[in-house]
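Report on one structure; see the data block that follows.
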């Protein structure tokens, strides 16, 4: 009884950057594309011709703080 | 693991978008309607022909608002989840919910509040169509620079805390963010395109509703994402500290 050791403590490790990186590219692009369509499409720049998307998300664009027309 | 985190973030963002849209509907839509009525009255007085309605007001203020808010929420939730994957375990021995709360606070301040103070949200009838390109570029410049300042400060916190002590190091980081965004805010041009005779109370109410809707979005995103991420045991960095505390009485 001279030596009592604590139970081994499992130490979690942060998710390695190289594991995050592919998701950062995929998820980041997808997320930015979603934000772009709500925030700027058919306003300052336009990928799809016309004004439908701009007019459809109009109130949300104003209320989420993006510059609109 | 990162995929698990990503879809949880987007789901949390969708839920947050729904609640944010309901706040925006009740608090903001009356102001949007008033601003559109003002715009119409000005155009009529100037003898301009009525603009064709591509999407009806009824659709814009209901399903359009909800769709915009949910899609924006999903996008923000995705970026939030990726930021969480990078931050968790790198900002200290914290519970994932605590990491989430800190990230949401940093996100609200740097992505919503700081850019919103320089370039505040505007209702319809405010803003000239010919300056939309410049205004959009300025707004996103402010968003990206304040977010970048926040990220750099968060990365400097640990080394500064080691060098200066925890509290002074933290204060130095806050000072760095404030200095960086103050320089940006002074350097970038001001935008004021509020028409003459535009009701001041309407502008105030609209902006308050916009900040409220965005605060709702960040808050619900943090709470829902925290609840969804907490059960993933490998993300819990407070566990190591708890295990150590529990083991100490044995060791004595």
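The values are calculated or read from the model by the stated rules, or taken from the named source; none is laboratory data. None of these values were measured; they are calculated from a predicted model. Note that we place each Cβ from the backbone using ideal geometry, even for glycine, and neighbour counts take in every protein chain shown.
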Name every residue in the range B:225-236 that is more than 14 Å from residue B:102 (Cα to Cα), part of a helix (DSSP H, G or I) and touching a residue at least 12 places away in the same chain (Cβ under 8 Å), in order of residue number. B:227, B:228, B:229, B:234, B:235
Only one residue in B:161, B:182, B:172 is outside any loop (DSSP other than H, G, I, E, B) and within 20 Å of the chain's Cα centre (by Cα), so which one is that? B:182
Any chance residue B:58 is within 16 Å of residue A:55 (Cβ to Cβ), exposed (fewer than 15 other Cβ atoms within 10 Å of the Cβ) and free of Cβ contacts under 8 Å to residues at least 60 places away in the same chain: yes
Quick check on my filter: what residues within the range A:46-69 are facing another protein chain (nearest Cβ under 8 Å) and not in a loop (DSSP other than H, G, I, E, B)? A:52, A:55, A:56, A:58, A:59, A:60, A:61, A:62, A:63
Does residue B:89 count as facing another protein chain (nearest Cβ under 10 Å) and modelled with pLDDT of 95 or more? no
Return the only residue of B:12, B:27 being touching a helix residue (DSSP H, G or I) at 6+ places or on another chain (Cβ under 9 Å), within 12 Å of chain A (Cβ to nearest Cβ), in contact (Cβ under 8 Å) with a residue 60 or more places away in the chain and not in a loop (DSSP other than H, G, I, E, B). B:27
